[in-house]
Amino acid sequence: MAYTDLAERQRSVVDLNGDWERYIHNKLVDVVSVPSSLRPTGYYQLKKSFLLPRLSAGQRTFIHFEAITYYGRVSVNGHDLGAMIPYVPQEFDFTPYAQEGRNLVEVAIADASPAPDGSGKTELAHCVTPGWETYGGIIRNVYVELRPSAFIDNVRFGYTLSKDYASASCKTQISISAQAAGTGQCTLALYHGVTEVARANSSLQLKAGANQAELTFEVKDPALWAPDDPNLYRLVATLKTDAGSDAWQYRVGFRDVAIRGSQFFLNGEPIILNGYCRHDMWKDQGFTLTRAQQEKDMRMIKASGCNFVRLVHYPHDRRIVELADEIGLLVSAEPGFWNMDLRKMDPAQIELGLKIMEATVRRDWNAPSVMFWLLGNECNFTVDYLRAGKALCNRLDPIYRPVSTAHHYGELPDVKKMFDDSGLDFYDWHAYDYGEDKFEKLSKAFGQEKPLTFTEWGWEVAGRTSIFYERNFDTVLKLVEDKKLAGHMFWSWNDMPEFNRKDWSMKDFILASGAVTEDRQISEPIYSRLAALFAGRAEIPLPPASDHATVLPLRAVPFSAGSSFQQVDLQALAESPEGKKSWAAFEAGLAKYWSEHRMVRNQWERTGKKFELWSQPNVDIAGVKFTSPVIDGCVHPLVLTQEVSEITIPVDAACTRLHILGQVSLPQGFPIVGAYGETAATYTLHFANRRVQSLPVRHGIEVAQANRVSGATRINPIATAAQPALEYIKDRARERYRVLLWSIPVEGQKLAKVQCKLHAGQSPLAIFAITAERAAK
């Protein structure tokens, strides 16, 4: 588990990156690329076939996932292997089920709604937040690896430097997995460049299952790792048994982090941590960056003059940490707790956060760039959780990195007491308070007993149209000079999409708080001003919604050549007393929904306290005309509500198909609310010959949520029997509506009317237009 690049591996590898089929409720929907970050769809399966050679005696097969989001369950050849948690590497032994030739891997993913049995509920609660856009799928590399019957699973590299840094006493624990009992020989070698500087050997008596070997050695005059001189060594472990040999390697480094009073020390010298908060995202790619993008990003951060990057708020790609090792950037890691109340939290979610933290520590415990661990961000924490998290990190970490948490809630005296009672190693506060003396007040409140960091600050000065207050930058610099502040991380490095807020910090739907844009174009003047701050220089003062609906390409054209078409007139129903009553109830519901929204309570007022759509009533879809009602100059669909749950639509046309444009729930619907297959409404077709046909309108089949924004995330609501036909962007940041087309066969009979009834407890359902098709004889 020590390699990121498949090309670097010595074991035989079958690369599973590439095209995977996506199935929703056992129906093939599309083919997606892996790794990639997908728009959340709900719950689905990803499937891929792969080939394996004939396994030699004792050879084992493992499938390895670098990361998925947010809950996954994997099977190979129909055999369940287990569940996966978000963001961190996981792997499964499927040797008993491996087949020579073709094999099939299936991964069930929950990214917006849990599995039918409720699995994934905890992971979604933990990860789907209004703080950033979320993405689903297999977001990082996946591969099958062929290993010998006894192999090296991980290596934990610990060391103690002498006081004068003239030597390092190293203690390395090697985790070995053996299929059967036997003997073996383990060798550990440390290289600086091409020069071997240390070697240790141990004979082993292995038992079936997990084993651990401990090897010690001394290194004289170690070249220390630091941001300005990132010296790296290569640690190589080999295992030889009667069943074969295995090798493991990782880059490591020697450095000494200490806390003395209110300061951090690195290799005996005081260090001020200065840098950025970085989200592991790129424009239109979510969490899945190319290696070139990752390297560009980290080198740009380094070039800005900082020495630290806070990797917010979840484990970033392992390659980011490796780049930090290589180019000389200190980093932190955290488990995904963001703006949550742990006092009221389900214990299962707290346990999940600890599991993510543990997996992250085990992944990165050999990285010299990791400065400290953070247990969460801006939460109502409990002392019990913080103590448990710190104990976990201290137990696992071979060099006992400092542990703290990123904090912003509560009265400062109480917060300081919480840090102390939890045994955290340093204080932290997000300096978003307003006032000319806010930084000095924070420094006084926490005192000089431990280091104080601002792991977020600058929010009020980072937007595109903001004013950069000289006092803020210079006060931070003065606190640093007075040794009252041990570190500061500016929010943020990169802009990112956030679809739930509308304030001065937003540019359309982009949170424009970054020193660079989503695709890493430098934003001035903030980039240069921060570069000056990192260099210790005082500040130098420096001088709509769319108005039309877009027709979307249909997955399959439902209209037959030579058919005639008749538009059903819905105008009278929209203007009727019942239509007006239903619309009033619908708008009242929207007002209530937005007023209770966690992040955008003023959305209803901001959009004029009306649900206004585009103005043109006629739309041409694949050559067929659809006509919507219009009231007060805006398209005004019929809406079924709980107050007016039933409408009857006269059709009076002989037809072979009835095409209904609408089939969307507002303000929420599937997959955010409602269960797949649950009946939201019933349409009853009444024919002239008195025959009656009832059709269920089911979540995820004939109806889905209209708004493609949920919380902080762009989602992809899918109804498998209805296809996307129109898109209307009412508000780029919060309201992106999609309208579906459902085509119903009616066998050429004369249809008198359609009776539409919304079921109790269901969200409002909109019908924009209906066109009847009559096939040519």
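Look through the stretch 216-253, keep the residues that are assigned to a strand (DSSP E or B) and of a type in the set (Asp, Glu), and return whichever of them is surrounded by the most Cβ atoms within 10 Å (Cβ to Cβ). The residue in question is Asp246.
Contact map, the stretch 100-112: first residue farther than 12 Å from Ile63 by Cβ and modelled with pLDDT of 95 or more, second residue among the charged types (D, E, K, R) and crowded, with 21+ Cβ neighbours inside 10 Å, Cβ cut-off under 9 Å, separation 6 or more or different chains; pairs are Ala110/Glu123. When we screen Ser513, Ser582, Ser492, Ser546 for residues that are under 29 Å from Ala733 (Cβ atoms), outside any loop (DSSP other than H, G, I, E, B) and either at pLDDT 95 or above or among the polar types (S, T, N, Q) (or both), the only hit is Ser582.
Yes or no, residue by residue, for (1) of a type outside the set (A, V, I, L, M, F, W, C); (2) surrounded by fewer than 24 Cβ atoms within 10 Å (Cβ to Cβ); (3) modelled with pLDDT under 95:
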site: Lys417; (1), (2), (3): yes, yes, no
site: Asp428; (1), (2), (3): yes, no, no
site: Lys450; (1), (2), (3): yes, yes, no
site: Thr453; (1), (2), (3): yes, no, no
site: Tyr469; (1), (2), (3): yes, yes, yes
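Looking only at residues in the stretch 752-777 that are open to solvent by less than 30 Å² (accessible area, probe 1.4 Å) and within 15 Å of Ser564 (Cα to Cα), the one that is nearest to the chain's Cα centre (by Cα) is Ile770.
Determine whether the stretch 235-253 contains at least one residue that is under 29 Å from the mean Cα position of the chain (by Cα), basic (Lys, Arg) and modelled with pLDDT of 95 or more. Within the stretch 235-253 (the criterion being under 29 Å from the mean Cα position of the chain (by Cα), basic (Lys, Arg) and modelled with pLDDT of 95 or more), the answer is yes, since at least one residue qualifies.
Would it be correct to say that Ala574 is under 30 Å from Gly748 (Cβ atoms), part of a loop (DSSP other than H, G, I, E, B) and small (Gly, Ala, Ser)? So Ala574 fails the test. Against the numbered list (1) open to solvent by less than 40 Å² (accessible area, probe 1.4 Å); (2) within 25 Å of the chain's Cα centre (by Cα), Asp397 comes up short only at (2). Residues in the stretch 90-118 that are under 19 Å from Ile139 (Cβ atoms) and either polar (S, T, N, Q) or assigned to a strand (DSSP E or B) (or both): Gln90, Glu91, Phe92, Val105, Glu106, Val107, Ala108, Ile109, Ala110, Ser113. Within the stretch 553-569, take every residue that is within 45 Å of the chain's Cα centre (by Cα) and polar (S, T, N, Q) and give me the one that is nearest to Leu658 (Cα to Cα). The qualifying residue nearest to Leu658 (Cα to Cα) is Gln567.
Within the stretch 193-213, the set of residues being under 37 Å from the mean Cα position of the chain (by Cα), surrounded by 14 or more Cβ atoms within 10 Å (Cβ to Cβ) and not polar (S, T, N, Q) comprises Ala213 only. Quick check: is even one residue across the stretch 394-402 over 22 Å from Leu235 (Cα atoms), of a type in the set (Ser, Thr, Tyr) and out of contact with any His (no Cβ under 9 Å at 6 or more places or on another chain)? No, every residue in the stretch 394-402 fails to be over 22 Å from Leu235 (Cα atoms), of a type in the set (Ser, Thr, Tyr) and out of contact with any His (no Cβ under 9 Å at 6 or more places or on another chain). Here is the figure for the stretch 135-191: residues that are open to solvent by 10 Å² or more (accessible area, probe 1.4 Å) and closer than 25 Å to Glu100 by Cα total 8. Do the conditions hold for Gly376, that is, is it in a helix (DSSP H, G or I), buried (at least 22 other Cβ atoms within 10 Å of the Cβ) and of a type in the set (Gly, Ala, Ser)? In short, no. If you check Leu204, Leu188, Leu146 for being touching a Gly at 6+ places or on another chain (Cβ under 7 Å), assigned to a strand (DSSP E or B) and closer than 29 Å to Ser56 by Cα, only one passes: Leu204. Filtering the stretch 45-66 to residues that are open to solvent by less than 30 Å² (accessible area, probe 1.4 Å) and either more than 17 Å from Gly18 (Cβ to Cβ) or not aliphatic (A, V, I, L, M) (or both) leaves Phe50, Arg60, Thr61, Phe62, His64, Phe65, Glu66. Scanning the stretch 382-421 for residues that are over 26 Å from Ala367 (Cα atoms) and small (Gly, Ala, Ser) returns a single hit, Gly410. Is at least one residue of the stretch 641-653 touching a Pro at 6+ places or on another chain (Cβ under 6 Å) and open to solvent by less than 10 Å² (accessible area, probe 1.4 Å)? Yes, because at least one residue in the stretch 641-653 is touching a Pro at 6+ places or on another chain (Cβ under 6 Å) and open to solvent by less than 10 Å² (accessible area, probe 1.4 Å). Residues in the stretch 655-678 that are outside any loop (DSSP other than H, G, I, E, B), open to solvent by less than 30 Å² (accessible area, probe 1.4 Å) and either of a type in the set (A, V, I, L, M, F, W, C) or under 30 Å from Ser564 (Cβ atoms) (or both): 7 in all. Within the set Ala200, Ala168, the sole residue that is at pLDDT 95 or above and under 15 Å from Asn366 (Cβ atoms) turns out to be Ala168. Can you confirm whether the stretch 100-115 contains a residue that is under 35 Å from the mean Cα position of the chain (by Cα), open to solvent by less than 30 Å² (accessible area, probe 1.4 Å) and among the charged types (D, E, K, R)? Yes, the stretch 100-115 contains at least one residue that is under 35 Å from the mean Cα position of the chain (by Cα), open to solvent by less than 30 Å² (accessible area, probe 1.4 Å) and among the charged types (D, E, K, R). Scanning the stretch 561-571 for residues that are at pLDDT below 90 and either open to solvent by less than 90 Å² (accessible area, probe 1.4 Å) or not in a loop (DSSP other than H, G, I, E, B) (or both) gives a single hit, Gly562. Counting the residues of the stretch 400-415 that are open to solvent by 10 Å² or more (accessible area, probe 1.4 Å) and under 22 Å from Met345 (Cα atoms) gives 5.
Kindly indicate whether any position in the stretch 580-602 is over 30 Å from Phe687 (Cβ atoms), surrounded by fewer than 19 Cβ atoms within 10 Å (Cβ to Cβ) and in contact with a Lys or Arg (Cβ under 6 Å, 6 or more places away or on another chain). So far as the stretch 580-602 goes, yes, one or more of its residues are over 30 Å from Phe687 (Cβ atoms), surrounded by fewer than 19 Cβ atoms within 10 Å (Cβ to Cβ) and in contact with a Lys or Arg (Cβ under 6 Å, 6 or more places away or on another chain).
Within the stretch 430-448, work out how many residues are at pLDDT 90 or above, more than 20 Å from Gly376 (Cα to Cα) and not in a helix (DSSP H, G or I). Looking only at that region, the number is 2. Could you go through the stretch 730-740 and let me know if any residue there is open to solvent by 10 Å² or more (accessible area, probe 1.4 Å), under 26 Å from Phe559 (Cα atoms) and out of contact with any strand residue (DSSP E or B) (no Cβ under 6 Å at 6 or more places or on another chain). No: the stretch 730-740 contains no residue that is open to solvent by 10 Å² or more (accessible area, probe 1.4 Å), under 26 Å from Phe559 (Cα atoms) and out of contact with any strand residue (DSSP E or B) (no Cβ under 6 Å at 6 or more places or on another chain). A single entry from Ala688, Ala725, Ala776, Ala769 fulfils the requirement of being under 20 Å from Leu640 (Cα atoms) and of a type in the set (Gly, Ala, Ser): Ala769.
The values are calculated or read from the model by the stated rules, or taken from the named source; none is laboratory data. Only a predicted model underlies this, so the values are computations on that prediction, with no experimental measurement involved. Here the Cβ is made from the backbone with ideal geometry for all residues, glycine too, and neighbour counts use every protein chain on show. Remember, those area values only see protein heavy atoms, side chains included, never the ligands or the DNA or RNA. Shrake-Rupley method; radii C 1.70, N 1.55, O 1.52, S 1.80 Å.
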